[in-house]
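The values are calculated or read from the model by the stated rules, or taken from the named source; none is laboratory data. Everything quoted here is computed from the prediction, not taken from an experiment. Quick reminder, even Gly has a Cβ in these numbers, built from the backbone with ideal geometry, and neighbours come from all protein chains shown. Calculation scope for accessible area: heavy atoms of the full protein, side chains included, ligands and nucleic acids excluded. Shrake-Rupley method; radii C 1.70, N 1.55, O 1.52, S 1.80 Å.
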Amino acid sequence: MRTTPFDQRPSGLRLVGELPWGSHFCVFHAEQPELLEVLVPFIKAGLECNELCSWEVSAPLTVQEAATALTEAVPELERYLALGQMEILSPNKSVTRPASVENALERRIDQAILAAFDGLRLVRHAGGGPKKRPLAAGLEAISRLNIVACFLYPRAELGAA
């Protein structure tokens with residue numbers, strides 16, 4: 001039984017509450033514990049709400065550390081992985097060409113819906129540095145699709161306090 005309206009998605013974060021489809025927010029981080037404190041409950045909420053979850057993992061986390069933290073919070077993680085509802089990626093497996101970001105998101109949400117998921121929950125790195133992420137191209141697509149996204153920014157790269 002669904003207790004949340006379909007167009008409102010639990011964020012998994014007490015201070016954030018529910019988010020409508022098409023939402024994205026940013027997490028400015030310095031260390032691994034900060035990331036895990038936000039991302040594990042965010043992903044857990046997506047899995048519990050029948051969303052296809054995709055987590056791009058890079059420093060200061062490793063794929064193994066993310067999987068371990070997620071397994072502690074979501075004991076049935078192996079089942080979600082086997083069903084294709086959860087993917088943990090390294091950044092080099094993510095789309096980075098600006099012209100293809102919107103198309104890639106549209107293809108990914110189509111795949112999620114065809115697989116009987118309600119939508120797509122993304123965690124992506126958006127920091128600067130030598131390989132800047134072309135997120136602006138994808139924000140318009142996110143805003144009109146069944147997607148909830150979290151973009152990560154390393155504070156050290158931005159000079160943010």
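Our estimate of slack between ASN103 and VAL16, defined as 0.36 nm per intervening residue step minus the Cα-Cα distance, is 28.4 nm.
Looking at segment 1-50, the chymotrypsin sites (Phe, Trp or Tyr not before Pro) that sit in a DSSP loop and have at most 13 other Cβ atoms within 10 Å of their own Cβ are PHE6. Whole angstrom only: what separates the Cα centroid of segment 39-74 from the Cα centroid of segment 22-36? A separation of 12 Å, based on Cα centres.
Computed packing ranks the peptides 148-155, 81-88 as 148-155, 81-88, most packed first, by mean other Cβ atoms within 10 Å.
Stretching the chain fully between ASP7 and GLN111 yields a gain of 35.5 nm (0.36 nm per residue, less the alpha carbon separation).
Under the criterion of Cα pairs below 8 Å and six or more residues apart, the relative contact order for segment 1-92 equals 26 percent.
The heavy atoms of SER90 present about 40 square angstrom of accessible area, all protein chains included, probe 1.4 Å.
Would you tally the net charge around LEU35, using a Cβ to Cβ cut-off of less than 13 Å, leaving LEU35 out, and scoring K and R as +1, D and E as -1? Around LEU35, the charge tally is -3.
When ARG108, ARG79, ARG9 are compared by accessible area at a 1.4 angstrom probe, the order from most to least is ARG79, ARG108, ARG9.
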